[in-house]
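A quick write-up on the structure given underneath.
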Amino acid sequence: MASTFEFQQTVGKTASLSGTSLHTGEKVSLKLHPAPVDHGIKFKRKDLQDEPTIDARIDNLKTVERATTIGEAPTRVHTVEHVLAALSAMGVDNAIVEMDANEPPIGDGSAQPYVDLIKRAEMTVQEEPRRFFDVREPMYVESKTGALLVLLPDEKFRISCTQAGPNNRFTQYLSMEVTAAAFEREIAPARTFVFYEDVQPLMEKNLIKGGSLENAIVVRGEAVLSKEPLRFPDEFVRHKILDIIGDLALVGRRIRGHVVAAKPGHAANADLARAIAREQTQRSAMRAPRAIPIGDSGLDTREVMKILPHRYPFLMVDRVIGFEGENKITAVKSITINEPFFQGHFPGHPVMPGVMQVEAMAQVASILLFKLTKTSSRVGYFMSADQVKFRKPVFPGDTIFIHAELTRARGNRMAKTKCYCVVNDAVVSEGELMFTFLDK
Ligand SMILES: [Zn+2]
């Protein structure tokens, strides 16, 4: 739903990790650096002249044989899926992944080393909202090898996966909501696994020099060979989910949808990422208005006017589009050229006055507080506005999404709210508003 509002995140400081790369067997060190808003994830080849960077985006996908390789011009980075899965699932939107080789360290074949790395680098919240891809209607991709991925609308990011080996050996199923906590606990420790018959030719060609029982589980017949015992009875399907998260991170937006996968692999995962990116490009090109629901979850204009005493030209809320729990609200106000303030602010150059945005925030916050106190015998008075910032101008034709969150409340007497006005996914203004309640 358009009502969920989250900020982008990066890491607070640089953290590093070293190890061996899987395909070449060489030593590699990896550094995770902070990056600014809207930067996304970029890989940097420190070992090459001019230190080229590669955007972790689906347009840069080169090959999906056994692992996911991205590249720009002649530069490549291989096996990016585990580090991308960890960054995406742990909530890092912007970062530079600097390496002195063409592949990250393989570690134990899981995403655990990267989760530890991200925690050492400490996540920090940035000032722009996250970009989402909301699945509006089902999409699917199918491969010749029997992989099938279906993407269904959902308010959360979920993955339901069925994994089956050759002759359907080790068939496993798992369904989960992908959150940072669930990823760290259930998915990150799951290691890479291979079926002996698949890797034998590669071993003969010496193509996986860094491969060993320390960084992969090898399945030979019914036997499971690995340095340490299985970490989960269904470790294989968990690793498949890890790879899906990593490959879909190439979309560059957080997905709100349910991935239902059968026998997934990097090729099918990449096809789905490509389909999502295509759909996103189409949507942006059409500039379709955002769906603003009406119904049980929100309040229409009539209901808003039952709560707020404000009337034209001072009612700054068209509709409440949703509440999240008790403490959060999102409302919309469409700004048209007919707003009375544009006549004088300014003639020939209509810009919405910042104070009117603060007024809009205050009105939306009052609706939240009214819901909270559940009484109409007390009325909230706007006491103070702190940390008010105006970041971008608002023009006629803009739709403002007004978000308010209750941050502090003292009984029925005082409440503090953090509010944001957002236009086209960018914060245009924000402030901390305080209210006190008095009997009418
Ligand atoms: Zn993998």
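Here are some notes:
- A full extension of the chain between MET176 and ALA426 corresponds to an added length of 86.9 nm, given 0.36 nm per residue minus the alpha carbon distance.
- Relative contact order (%) - the range 294-440, alpha-carbon pairs under 8 angstrom, separation at least six: 24
- Spread of Cα-to-Cα distances over 10 Å intervals beginning at zero, given as percent, for the range 174-284: 12, 38, 32, 15, 3, 0
- If the convex hull is drawn through the Cα atoms of the chain, its volume per residue in Å³: 169
- Cα shape, the range 354-435, gyration tensor, a/c 1.5 rule: prolate
- Sorting 233-243, 113-123, 164-174 by their mean Cβ neighbour count within 10 Å, with the most densely packed peptide first, gives 233-243, 113-123, 164-174.
- Summed side-chain charge close to GLU81 - residues other than GLU81 whose Cβ falls under 9 Å, Lys, Arg +1, Asp, Glu -1: -2
- Per residue of the chain, the DSSP helices (runs of n ≥ 4 H) give a summed -39500 (n - 2.57) that works out to -6500 deg cm²/dmol at 222 nm.
- Accessible area of the chain divided out per residue, in Å², using a probe of 1.4 angstrom: 47
- The residues neighbouring THR301, those whose beta-carbon lies less than 13 Å from its own, together hold a net charge of +2 under the Lys/Arg +1, Asp/Glu -1 convention.
- Relative contact order (%) - the chain, alpha-carbon pairs under 8 angstrom, separation at least six: 15
- Rounded to the nearest 20 debye, the dipole magnitude of the range 382-440 is 240 debye, with +1 charges on Lys and Arg beta carbons, -1 on Asp and Glu beta carbons, and the Cα centre as origin.
- Net charge dipole size for the range 295-407 [Lys, Arg +1 and Asp, Glu -1 on Cβ; Debye, nearest 20]: 160
- Largest to smallest principal axis extent of the C-alpha atoms in the range 18-101, angstrom: 33, 25, 25
- Environment charge of ILE276, counting only residues whose C-beta is closer than 13 Å and scoring Lys/Arg +1, Asp/Glu -1: +3
- Amide proton proximity set for GLN9, modelled H, under 5 Å, gap of 5+: ASP93, ASN94, GLN126
- Net length available on complete extension from ARG410 to GLU326 is 28.7 nm, with 0.36 nm assigned per residue and the Cα-Cα distance removed.
- Taking 0.36 nm per residue of sequence separation and removing the Cα-Cα distance, the TYR140/ASP300 pair yields an extension gain of 54.1 nm.
- Assigned charges on the beta-carbon of Lys, Arg, Asp, Glu; the chain dipole about Cα centre (debye): 960
- The range 84-221 shape via C-alpha gyration tensor axes, a/c threshold 1.5: oblate
- Shape call, the range 52-154: gyration tensor on alpha carbons, a/c limit 1.5: oblate
- Surface composition of the chain: carbon plus sulfur atoms hold 52% of the accessible area, using a 1.4 angstrom probe and ignoring ligands, DNA and RNA.
- Under a Gaussian network description of the chain, with springs only between Cα atoms under 10 Å, the residue in GLY348, GLY19, GLY380 that fluctuates furthest is GLY348.
- Angle between the chain longest axis and helix 81-90 axis [Cα atoms, degrees, rounded to 10]: 30
- Listed residue (GLN163, GLN200, SER366) projecting farthest to the positive dipole end of the chain, Cβ model: SER366
- For the range 65-127: relative contact order, % (alpha-carbon pairs under 8 angstrom, 6 or more apart): 31
- The candidates ASP386, ASP398, arranged from most to least accessible area with a 1.4 Å probe in the full protein assembly, appear as ASP386, ASP398.
The values are calculated or read from the model by the stated rules, or taken from the named source; none is laboratory data. Worth saying up front: this structure is predicted, and the values here are computed from it rather than measured. Cβ: placed from backbone, ideal geometry, glycine included. Neighbour counts: every protein chain shown. Keep in mind that these areas ignore ligands, DNA and RNA; they rest on the heavy atoms of the full protein, side chains included. Shrake-Rupley method; radii C 1.70, N 1.55, O 1.52, S 1.80 Å.
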